[in-house]
Each structure stands twice: as structure tokens, then as C-alpha cells.
Amino acid sequence: MGRAYASAAVLPNGELWITGGADKKNILKTIEILSVKNEKWKVRSGPKMPRALIGHCFAPLNANEDIIAGGYSPDEDSYTNKVDIYNMNTGKWLSKSWMLLESGGPRFDASCLSILVGSESRIVMAGGWNNTGMIITEYYDETSQTWQMMGKNDGELNSCLTAALVL
């Protein structure tokens with residue numbers, strides 16, 4: 001299926017998940033899962049997202065959970081500050097008010113990635129749009145289940161993020 005403004009990530013199990021986005025007529029809440037077996041691509045449907053989204057962040061939180069944050073939701077008719085965690089073991093989505101994007105508020109089209117800090121996986125979300133370009137970077141702290149401000153997207157922080165990605 002063709003999608004625009006979708007988000008995708010390779011999960012620890014090697015599968016590529018493509019989430020949400022828009023087709024020719026609708027904003028989607030579907031997930032497609034791509035995997036390779038015996039050198040052949042296989043495409044299958046994944047779980048439905050809690051709501052339709054475009055321009056959202058999607059990344060593996062740990063070996064068993066994946067996180068979706070931000071984006072534009074037609075259900076809310078606005079940018080969303082909701083965060084949802086999918087548990088691969090139970091097949092259920094978890095969304096609670098303590099997971100809201102607090103530091104910078106709701107956003108669309110932010111960049112995000114999953115990185116290891118010591119033995120902890122962190123989801124880093126940078127920039128985005130909320131009727132203006134956002135200059136903040138924050139990370140999801142799985143232990144406290146909150147978003148923590150890392151700083152503003154100035155030259156020094158961008159250099160640090162670029163160096164971290166190169167390593």
C-alpha cells in the first residue's frame with residue numbers, strides 16, 4: 001500500500017514496521033510488517049494503531065515494546081501529545097496521561113530514534129512542527145515513564161546528536 005507521512009523502524013527482531021501515514025483518501029491507523037525469510041520479502045498486516053496518525057514518531061522502546069508519539073490525528077483534529085506503547089507479548093496498546101509529551105507539547109513531523117544509553121534504551125525526539133518550528137529535543141525515560149528535556153536544538157546539541165549517530 002502506498003503511504004505518505006508514515007513512520008517506520010526496524011525492530012530488534014529484524015522486522016520493518018511501517019506505521020500510519022496517508023493513502024490517497026485517508027489518514028491510516030494500519031501497520032504493515034515487512035520481513036525477509038529465505039531471501040524473500042514477506043508483507044503482512046500488523047496490529048491496528050489506537051488512532052489514525054500522520055507525521056508521528058515510531059521506534060522500538062525495548063525488545064518487547066514499541067512507542068508511537070506525536071503526529072497529527074484526525075480523531076483530535078490537531079497535533080497530538082499522546083504517546084502509545086505497544087506490547088509485543090500481549091498484543092495490546094497502553095496509553096496513559098503520564099506519557100504525554102510535556103516539554104514541548106504536541107508536535108507533527110519530529111525526528112526520532114532509539115538509542116542505547118548504558119543498558120537503557122531511550123527514544124530521542126527532536127524538532128517537529130506545532131504552528132512553528134520546534135527547537136527542542138527530549139527523550140522518553142522508560143523508568144519514570146516521562147519525557148525529559150535534553151535541550152534546545154542549537155549548534156552544540158546538533159553536533160552531539162550527529163556525533164552519536166555516526167558512532
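The values are calculated or read from the model by the stated rules, or taken from the named source; none is laboratory data. Being a predicted model, the structure only gives us computed values, none of them experimental. Here the Cβ positions follow ideal geometry from the backbone for every residue, glycine too, while neighbour counts run over all protein chains shown. Only protein heavy atoms, including side chains, enter the accessible area calculation; ligands, DNA and RNA are left aside. Shrake-Rupley method; radii C 1.70, N 1.55, O 1.52, S 1.80 Å.
Once fully extended, how much extra length lies between LEU116 and ASN87, figured as 0.36 nm per residue of separation less the alpha-carbon to alpha-carbon distance? Write down the numbers at each step before the final one.
On the way: separation 29, 0.36 × 29 = 10.44 nm, distance 1.92 nm.
Length gained between LEU116 and ASN87: 8.5 nm.
Dipole check for the chain: with +1 at the C-beta of Lys and Arg, -1 at the C-beta of Asp and Glu, and the Cα centre as origin, the magnitude is about 700 Debye.
Rounded to the nearest 500 deg cm²/dmol, what is the calculated helix-only ellipticity per residue at 222 nm for the chain, with -39500 (n - 2.57) per DSSP H run of length n ≥ 4? Taking each H run of at least 4 residues, the total per residue is -2000 deg cm²/dmol. Residue ranking by accessible heavy-atom surface, 1.4 Å probe, largest first, among ASP84, ASP141 comes out as ASP141, ASP84. Note on the chain: dipole from Cβ charges, positive end direction compared against ILE123, TYR72, LEU101; the farthest Cα belongs to TYR72.
Rounded, prolate or oblate: which fits region 1-131 when a ≥ b ≥ c are the square roots of the eigenvalues of the alpha-carbon gyration tensor, with rounded for a/c under 1.5 and prolate only if a/b beats b/c? Mind dumping the intermediate values first?
Values: a/c = 1.71, a/b = 1.18, b/c = 1.45.
Oblate.
With the simple model of a label 7 Å out from the Cα in the direction of the Cβ, LYS37 to ALA63 spans 2.1 nm.
Counting Lys and Arg as +1 and Asp and Glu as -1, each charge on the Cβ, what is the dipole of region 52-100 about the Cα centre in debye, to the nearest 20? Please report the intermediate quantities before stating the final value.
Working: 3 positive and 6 negative charges, 32 e Å.
Roughly 160 debye for region 52-100.
Computed with a 1.4 Å probe over protein heavy atoms only, the accessible area of ILE27 comes to about 50 Å². Which Cα, out of LEU61, THR90, GLY2, lies furthest along the positive dipole direction of the chain (beta carbon charges, K/R +1, D/E -1)? Positive-end residue among those listed: GLY2. Computed log10 I(q)/I(0) for region 1-72 at 0.26 Å⁻¹: -1.22, from the Debye equation with unit scatterers placed on every C-alpha and solvent omitted. Which of rounded, prolate, oblate describes region 41-83, given a ≥ b ≥ c as roots of the alpha-carbon gyration tensor eigenvalues and a/c under 1.5 marking rounded, otherwise prolate only if a/b is larger than b/c? Note, shape of region 41-83 comes out oblate.
Do any trypsin sites (Lys or Arg not before Pro) in region 1-32 lie in a DSSP loop with no more than 15 other beta carbon atoms within 10 Å, and if so, which?
Details: sites: ARG3, LYS24, LYS25, LYS29; in loops: ARG3, LYS24, LYS25, LYS29.
Taking region 1-32 and a limit of 15 other Cβ atoms within 10 Å, the loop trypsin sites (Lys or Arg not before Pro) found are LYS24, LYS25.
Using heavy atoms of the protein chains and a probe of 1.4 Å, the accessible area assigned to LYS152 is about 120 Å². Across the chain, the relative contact order, built from alpha-carbon pairs under 8 Å that are at least six residues apart, equals 13 percent. Per-residue accessible area (protein heavy atoms, 1.4 Å probe) orders THR146, THR19, THR90 as THR90, THR146, THR19, starting from the largest. Give me the accessible area per residue for the chain, probe 1.4 Å, as a whole number in Å². Per residue, the chain has 55 Å² of solvent-accessible surface.
If only the Cβ of Lys and Arg carry +1 and only the Cβ of Asp and Glu carry -1, the dipole of region 56-134 around its Cα centre is close to 140 debye.
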